[in-house]
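Read the structure below first, then the notes.
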Amino acid sequence: MMAMNLEIKVCMGTGGMAAGGEGVLKAFEAELKHNGLEAGFGKCSSGKVGCRGFCARDVLVDVIVDGQKTTYQYIKPEMVSRIVKEHIMEGRPVAEWEVKEDYHIFHDKQIKVVLHDCGEIDPEDIGAYIERGGYEAAKKVLSELGPADVIELVKKSGLRGRGGAGFPTGVKWEAARKSPGDVKYIICNADEGDPGAFMDRSVIEGNPHSVIEGMIIAAYSVGASNGYVYIRAEYPLAVERLRIALDAARQKNLLGKNILGSGLDFDIKVKLGAGAFVCGEETALIASIEGERGMPRAKPPFPVASGLWGKPTVINNVETLANIPCIIRKGAEWFASLGTEKSRGTKVFALTGKVKNTGLIEIPMGIPLRDIVFEIGGGIENGKKYKAVQTGGPSGGCIPEDCLDVKIDYESLMQLGAIVGSGGMIVLDEDDCMVNVARYFLNFTQSESCGKCVPCRVGTKRLLEILDRITKGEGREGDIELLEKLSQDIKLTSLCGLGQTAPNPVLSTLKYFRHEYEAHIRDRKCPAKACRALITFSISEALCKGCGACMRACPAGAITGEKKQPHKLNQALCIKCGSCFDVCKFKAVVKE
Amino acid sequence: MPETALTEAEIEKLEGICAKYAGQKGSVIAVLQELESSFGYVAEKAVNFVADKMEMPRSHFYGVATFYAQFHFKPRGRNIITACSGTACHVKGSDRLIDNMVREFGLPEGEDTSADMRFTLEKVNCVGACSIAPVIIINKEVHGKMTTDKLNKEIKKLKGGQ
Ligand SMILES: Cc1cc2nc3c(=O)[nH]c(=O)nc-3n(C[C@H](O)[C@H](O)[C@H](O)COP(=O)(O)O)c2cc1C
C-alpha cells in the first residue's frame, strides 16, 4: 500500500440523504473493512459531511488520498466497490464518475464564507470544527475584546441581517446593549418559512457550531445570558444536529457557566416551531416562544427594547449569526471588502426551479443575476426559455429577462420590485404562467395570515379570489385595476411585514407580465399553457403511432385506441393532468 | 365518533407530561407537541386532562393548538404521506402528484385521511429540499425528483405492505 492517508466524505444533508447518502457511506465502510484497508493507512476516515451545495448531483463523494481530492457525483451504493478497488487500492480514479467541468463552473464564481466549512466537516463532530479554526473567534472575543469593541467591529464590517429586512446587525446589538435591564435574550431565527428556501437548514445541518459561536459572541456583546434557537419542526435533521452540537459545546464549557473562565454565563435552548409562517416575524416568534398564538404586534417597542418576556432581545437570522465568527477571525475590513458599498459580504441563495444546476450557492453581493442563472446555474433545463427569477418568496417579486443584468444587492433588487429576501431564488421558464405564480403566493399568504388585522386577513382573501377567477378564465374587465388598488391598500395598512409585502408577487408580475393577465381576461387564454381551465389536450391522428403509452399513463381512463392505430382522447373524461403529454415520444399529444 | 376514555397507561403518560412542564412558563406549545407525538394527534380527552391538571383554561390550549398547522384534531392514517407544496415543488408539478394521490388513496372530498385509516395525505409549505423538487415524504423518508410513475410504485408497495 503506497498511500498514507485516506479520507472519504459523503454528502449527508437532507438532499444527500434523500439521494441515498446513508447507504453510500455504509457501503464505503463495509468495503474498506472487507478489504482490510483501514490498517494500511496512517489515517483513514470515512464520514458524513453537510450540504456541499450542488444537490442536483447527489450523492456527492470526496475521496481524498494523501491530500489529493477526487469528487464523484451521482454515487449509489452499488458503485462503491469499484471506487474502492480501482481508485483506493489500485490508484486509478474512476474517471467516468468524477465531476466534470460544469461542477467547477458551478463553484468558480462563488465565495464561501458562511458555507466555508459546510460540506467539509462532520457536523456532528465539534473537533472537526475546532480543527479548522472554530471557536477561535469566541475565545478571542472573550479574552481580548470588550463588548463595545465587538459591536464596533460588527458595525464596521457592514453586515446586514440576512433574514430579509437587511437591518445593520451592529446597530441592532448596540441598541440591545444600551437597553436597560439585567436580563437580556439572544434569539436565533431558524424558522425559515419562505417556500423555496433552504439556506438556514443547510447551514445548521452542515455546520451548526458556526451559529452557536455567533450566538456566544452576540450574547457577550449584548450582555445576554439566555439564548433560544427557534427552529422549524419540519427540519428534523437540522434539529438533531443542532442538539448534538449544543451538547458538545456544553461539554467543552463553550456554553454554560463562566464560559472558558471569562465570567460569561450563557446557554441556549431549542424551541421547535409548530408550523406557522408568520412566526418567522420577530414579534410573532417571541409570542410563540412564550407559548402563545404566534401573532405579531405593532412596533415600536422593538424587541431590542422589549422582546421576550418583555426583556431586551436581539433576534438574528441563522446566516447573520454564522457570519459573525468569520468577521472576528478575518477582520471587519476583509468582510467589508466583499460585496458592494451598501451590501457587504456574501449571501447564500437556494437556487432552484427550472435551472440545470440546482443547489445551495454563496456569492459575493453585487454579481449580476445573469451570472447566477447562466453560469452557476448552467442555464435553463430542457432547452426551454428563461422567463423570470422569483426572489424573496411570498414577500418578493419576479425579475424578467430584460433585467437579468441587475446586480444582486438589497437596493438594486428593491428598485425592480423584488427583494434579496432570505435567499430563495426560483427560476421560471416559458411553461410557467405568471398569473398562476402570483396566485400560488397569494394562496400561501392568505392561508398563513394570522388574522389579527383586517387588511391582511380579508385583503389577501379578496386578492386570491380575483386571481383564482382570472386563472379559471372568468376574469373581468377592471380586475387588473382592482388588483392594483387593493394591493396598495394592503401594503399601506397591514400590521406586520406579512401583510405589508403579501401583494408584492401580484404587483411585480403585473409590472412585467401584464400581457399574461390580459390574455387570461380578454382572450381566455393562458399564454404559458399552464392554467388547466384554459387548455385542452388532444391527440393528433397524423402523428400518433398507437404505442399506447398515453393510454397507460392516463389516470382518468380518458384515452382509448387499438395497438398501432391512432388513439382518441375523450374530452369529457380528461382531467388535464398532462400525463399523456409528458409520456408521448412522438409529440402526438397536442396542448392548446 | 366519540372518543373512548383514557386508559391507565395514557393517564400515566399524561401525568408524566404535566410533571415535566409544571411551573415552566410558555410551555403550552411544547405540551401540545408531546400530545401530538404520543397520540398521533391532539386528542380532546388528552387536552382536557392536561389543561385541568395544569390548572389552565382548556380554551387556552385549543386557542394555541388551532393556530399552528402542526396540530391535528383527528386520528391520522397508518401511513403518512407528506407532499411538499413549496415554490420549487409547485413549479415542478407537485399539484399533479397530489391529485394522483387523492385518487389512489380514495380520499373523500375535503378529507386528508382514507376511510380505512391506511393513508393520510398532508401538504406542507416547504420541507426545504427544493433542489430535488418535487419532493414527497413517505413515512418520514424523503423522496426527491418524484414522478407519477415512481410515486405509484411506492404507493403499490405501501398497499401491498398492509
Ligand atoms: C412574515 C415574516 C416572516 C419572516 N420569516 C423569517 C424567517 O423565516 N427567518 C428569518 O430569519 N427572518 C424572518 N423574518 C424577518 C424577521 O422578522 C427578522 O427581521 C429577522 O429575523 C431579523 O434577523 P436579521 O436582522 O439577522 O435578519 C420574517 C419577517 C416576516 C414579516
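The values are calculated or read from the model by the stated rules, or taken from the named source; none is laboratory data. Since the structure is predicted, the reported quantities are computational estimates derived from the model, not experimental observations. Cβ: placed from backbone, ideal geometry, glycine included. Neighbour counts: every protein chain shown. These accessible areas exclude ligands, DNA and RNA; they are computed on the full protein's heavy atoms, side chains included. Shrake-Rupley method; radii C 1.70, N 1.55, O 1.52, S 1.80 Å.
How many residues are within 16 Å of the ligand (Cβ to nearest atom) and in contact (Cβ under 8 Å) with a residue 40 or more places away in the chain if we restrict to the stretch A:499-530?
Step one: of the stretch A:499-530, the residues within 16 Å of the ligand (Cβ to nearest atom) are A:499-505.
Narrowing further to those that are in contact (Cβ under 8 Å) with a residue 40 or more places away in the chain: A:499, A:501-505.
Residues meeting the conditions: 6.
Taking the stated definitions as given, is residue A:338 within 14 Å of another protein chain (Cβ to nearest Cβ) and either over 24 Å from residue A:281 (Cα atoms) or open to solvent by less than 10 Å² (accessible area, probe 1.4 Å) (or both)? No; evaluated as a whole, the condition is false for this residue.
Residue-wise test of (1) surrounded by fewer than 24 Cβ atoms within 10 Å (Cβ to Cβ); (2) among the aliphatic types (A, V, I, L, M); (3) closer than 20 Å to residue A:142 by Cβ; (4) not assigned by TED's automatic domain parsing to the domain that holds residue A:155.
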residue	(1), (2), (3), (4)
A:228	yes, no, no, no
A:233	yes, yes, no, no
A:253	yes, no, yes, no
A:264	yes, yes, yes, no
A:287	yes, yes, no, no
A:313	no, no, no, no
A:325	no, no, yes, no
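Checking every residue in the stretch B:53-68 against the condition of being over 23 Å from residue A:278 (Cβ atoms) and either touching a residue at least 40 places away in the same chain (Cβ under 8 Å) or within 12 Å of chain A (Cβ to nearest Cβ) (or both) gives at least one match.
Among the residues of the stretch B:69-104, write down those that are acidic (Asp, Glu) and at the interface with chain A (Cβ under 8 Å from one of its Cβ atoms). Write out each step before concluding.
Filtering the stretch B:69-104 for residues acidic (Asp, Glu) gives B:95, B:99, B:104.
Answer for the stretch B:69-104, where residues must be acidic (Asp, Glu) and at the interface with chain A (Cβ under 8 Å from one of its Cβ atoms): just B:99.
Return a yes/no flag: does the stretch A:254-274 have any residue that is in a helix (DSSP H, G or I), free of Cβ contacts under 8 Å to residues at least 40 places away in the same chain and away from chain B (no Cβ under 12 Å). Yes: one or more hits.
Quick one: which residue in A:295, A:365 is surrounded by fewer than 24 Cβ atoms within 10 Å (Cβ to Cβ), on the phi < 0 side of the Ramachandran plot, within 14 Å of chain B (Cβ to nearest Cβ) and within 16 Å of the ligand (Cβ to nearest atom)? Even if it seems obvious, please write down each step before you answer.
Working: A:365 fails: within 14 Å of chain B (Cβ to nearest Cβ).
Answer to the selection: A:295.
Checking the structure you have, find out if any residue of the stretch A:103-112 is outside the structural domain of residue A:351 (by TED's automatic domain parsing) and under 30 Å from residue A:252 (Cα atoms). Yes: the stretch A:103-112 contains one or more residues that are outside the structural domain of residue A:351 (by TED's automatic domain parsing) and under 30 Å from residue A:252 (Cα atoms).
For the stretch A:407-421, the criterion of being within 16 Å of the ligand (Cβ to nearest atom), away from every other protein chain (no Cβ under 14 Å) and in contact with a Leu (Cβ under 7 Å, 6 or more places away or on another chain) is met by at least one residue. The residue of the stretch A:298-311 that is farthest from residue A:135 (Cα to Cα), among those that are open to solvent by 10 Å² or more (accessible area, probe 1.4 Å) and among the hydrophobic types (A, V, I, L, M, F, W, C), is A:298.
The residues listed here are A:219, A:176; of these, the one that is within 14 Å of the ligand (Cβ to nearest atom), away from chain B (no Cβ under 14 Å), at pLDDT 95 or above and assigned to a helix (DSSP H, G or I) is A:176.
Open to solvent by 10 Å² or more (accessible area, probe 1.4 Å), closer than 13 Å to residue A:323 by Cα and not in a helix (DSSP H, G or I), is that true of residue A:134? Criteria not met by residue A:134.
Tell me the residue from A:321, A:351, A:308 that is within 14 Å of chain B (Cβ to nearest Cβ) and either within 15 Å of the ligand (Cβ to nearest atom) or of a type in the set (S, T, N, Q) (or both), please.
Of A:321, A:351, A:308, the one residue that is within 14 Å of chain B (Cβ to nearest Cβ) and either within 15 Å of the ligand (Cβ to nearest atom) or of a type in the set (S, T, N, Q) (or both) is A:308.
Every residue in the stretch A:347-376 that is under 15 Å from the mean Cα position of the chain (by Cα) and in a loop (DSSP other than H, G, I, E, B), please. Within the stretch A:347-376, A:357, A:358 qualify.
Take the stretch A:70-96 and flag every residue that is open to solvent by 70 Å² or more (accessible area, probe 1.4 Å) and under 15 Å from residue A:22 (Cα atoms). Can you show your working first?
Within the stretch A:70-96, the first condition is being open to solvent by 70 Å² or more (accessible area, probe 1.4 Å), and the residues that meet it are A:74, A:76, A:78, A:82, A:85, A:89-90, A:92, A:96.
A:74, A:76, A:78, listed by residue number.
When residues in the stretch A:16-54 are screened for being among the small types (Gly, Ala, Ser) and assigned to a helix (DSSP H, G or I), 8 of them pass. The set of residues from the stretch A:480-498 being surrounded by fewer than 20 Cβ atoms within 10 Å (Cβ to Cβ) and either within 14 Å of chain B (Cβ to nearest Cβ) or within 16 Å of the ligand (Cβ to nearest atom) (or both) comprises A:491, A:492, A:493, A:497. In the condition set (1) out of contact with any strand residue (DSSP E or B) (no Cβ under 9 Å at 6 or more places or on another chain); (2) assigned to a loop (DSSP other than H, G, I, E, B); (3) more than 10 Å from chain A (Cβ to nearest Cβ), residue B:24 is compliant with all but (3). Residue count for the stretch B:114-140 under the criterion of being open to solvent by less than 20 Å² (accessible area, probe 1.4 Å), away from every other protein chain (no Cβ under 13 Å) and without any contact (Cβ under 8 Å) to a residue 40 or more places away in the chain: the result is 1.
Residues that are closer than 26 Å to residue A:584 by Cα, open to solvent by less than 60 Å² (accessible area, probe 1.4 Å), in contact with a Gly (Cβ under 7 Å, 6 or more places away or on another chain) and outside any helix (DSSP H, G or I) occur in the stretch A:554-566; there is at least one.
Looking at A:202, A:157 in this structure, which one is open to solvent by less than 10 Å² (accessible area, probe 1.4 Å), hydroxyl-bearing (Ser, Thr, Tyr) and within 14 Å of another protein chain (Cβ to nearest Cβ)?
Working: A:157 fails: within 14 Å of another protein chain (Cβ to nearest Cβ).
After applying the criteria, what remains is A:202.
Would you check if residue B:42 is assigned to a loop (DSSP other than H, G, I, E, B), in contact with a Leu (Cβ under 8 Å, 6 or more places away or on another chain), touching a residue at least 12 places away in the same chain (Cβ under 8 Å) and not assigned by TED's automatic domain parsing to the domain that holds residue B:154? It is true that residue B:42 is assigned to a loop (DSSP other than H, G, I, E, B), in contact with a Leu (Cβ under 8 Å, 6 or more places away or on another chain), touching a residue at least 12 places away in the same chain (Cβ under 8 Å) and not assigned by TED's automatic domain parsing to the domain that holds residue B:154.
Under the condition of being modelled with pLDDT of 95 or more and open to solvent by 50 Å² or more (accessible area, probe 1.4 Å), the residues counted in the stretch A:101-115 number 2. Just one of the listed residues (A:10, A:63, A:59, A:24) is β-branched (Val, Ile, Thr), crowded, with 21+ Cβ neighbours inside 10 Å, touching a His at 6+ places or on another chain (Cβ under 8 Å) and within 24 Å of residue A:129 (Cβ to Cβ), and it is A:63. Of the residues making up the stretch A:508-528, one or more are crowded, with 20+ Cβ neighbours inside 10 Å and outside any helix (DSSP H, G or I).
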